[in-house]
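Peer 1: Before we start, here is the structure in question, set down as structure tokens.
Each reported figure results from applying straightforward, stated rules to the coordinates on display, with no laboratory input. Small disclaimer: the values here were computed from a predicted structure and weren't measured. Cβ sites come from the backbone with ideal geometry, for glycine too, and all protein chains shown count toward neighbours.
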Amino acid sequence: MSFQKVLIIRLSSIGDIILTSPVLRCLKKQTNATVHYLTKTKYVDIIKKNPNVEKVFSVDQVFNEFNSEEYDLIIDLQKNFKSFFLSMLLKTIKTKYLSYNKKNIKKWVLINFRKDLLHNEHIVSRYFYALRKCKITNDNEGLDYFISSNINPDSFLIKLPFEKSFFAWVLGGSYKNKKLSKDHIQKVCAKVSVPIFFLGGEMEKETADEICKNSSKSNLYNLCGLLSLEESAYVLKKSSIVLTNDTGLMHIASALKKKIISFWGCTKPSLGMFPYKPHSKNIQIITKTSIYPCSKLGDRCRYSDKGCINNISIEEILIAIKKISYKKS
């Protein structure tokens, strides 16, 4: 199958879009096709910096600017009703349509019957399995995230000691049950001597404020709600270790080849969204209670009102920090 112009559709969200980056790279390198990307307006800037994509469109532009585009292939990596509708809207007689197997039935079996039919298969592998029809193969070089060279940390709203070794701690998560508790974080910070930069959005700002306020140390920095996504990525890049819940910044840290300690509660790595970094052993995944997820999105916990992520002990986190600190990148 040969093609000259390809459209990739992934509408959301941050982490899921980052996880499509190996497809973009391999598609470009192995076919030299012109690659366009369709996503939601608020995620356009994530893709715009990717050199493997010539044009990025938002959903809002579909009716205004797509009339002149004729694609040989549309690859739907969202695969829901909206993305399918958009694909059919943009499809011409000659356009081939390709999507991937989301394996929702197997996920449902894993969550409800604790029968693992996914076998730890990452979503990126599912993408490439679908692309075998186009003879596009995975180069196993991991994820891509591109940071602008004109970021100036001196313009940040808070002065940060970038000259020192520091940890970046990502507090965000789409649901409460996907977030490590404030109490856990405070106790770990009390045992760590290096500076810690907290990352997250406005929703995490109050939590980080309380952690900093209740600490006797002066080496904790609350950046939640103060930085753009790209500035947060810059902080991740400069950090020595990234501690993170299951969230979009975890995947950016993976793309930046960072040492990662990731905490898992009601979602589990077995669903196929763990840090994708095939060439590195510098990832520590910590999960408790069960290897089986409580829910697909992390909105429900079958074990505790507080979420099973908080069954992770302080000692486990400190051991993981010590262990990963001595590994070479």
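Peer 1: Report the Cα-based extents of region 57-121 along its three principal axes, largest first, to the nearest Å.
Peer 2: 49, 24, 16
Peer 1: Sum up the charges of everything whose Cβ sits under 15 Å from the Cβ of V53, counting Lys and Arg as +1 and Asp and Glu as -1, but leave V53 out.
Peer 2: Once all neighbours under 15 Å are counted, the net charge is +4.
Peer 1: Calculate the translational D of the chain in whole µm² s⁻¹ from Stokes-Einstein, where the hydrodynamic radius comes from the Kirkwood formula applied to all Cα pairs, the temperature is 25 °C and the viscosity 0.890 mPa s.
Peer 2: Rounded to a whole number, D works out at 117 µm²/s.
Peer 1: Give me the Debye-computed log₁₀ of I(q)/I(0) at q = 0.09, 0.15, 0.20 Å⁻¹ for region 160-325, equal point scatterers on Cα only, no solvent, two decimals.
Peer 2: -0.26, -0.76, -1.44
Peer 1: Related question: Per q in 0.09, 0.14 1/Å, what log10 I(q)/I(0) does a Debye calculation on the alpha-carbon atoms of region 5-134 return?
Peer 2: Reported log10 I(q)/I(0), two decimals: -0.26, -0.62.
Peer 1: What trypsin sites (Lys or Arg not before Pro) does region 153-258 have in DSSP loop regions with at most 13 other beta carbons within 10 Å?
Peer 2: Hits after loop and neighbour filter: K159, K164, K217.
Peer 1: In nanometres, what is the gap between the two model label sites at S290 and Y303, each 7 Å from Cα along Cα-to-Cβ?
Peer 2: 0.9
Peer 1: Right, here's the next one. Starting at 0 and stepping by 10 Å, how many percent of the alpha carbon pairs of region 210-295 end up in each bin?
Peer 2: 16, 41, 33, 10
Peer 1: Further question on the same structure: Sequence-distant or interchain residues sharing an amide H contact under 5 Å with I261, placed H: which?
Peer 2: Sorted by chain and number, the residues that satisfy this are V242, L243, T244, Q284.
Peer 1: Next up: If you take every residue apart from I151 with its C-beta less than 14 Å away from the C-beta of I151, what net charge results, scoring Lys and Arg +1 and Asp and Glu -1?
Peer 2: Neighbourhood net charge equals -1.
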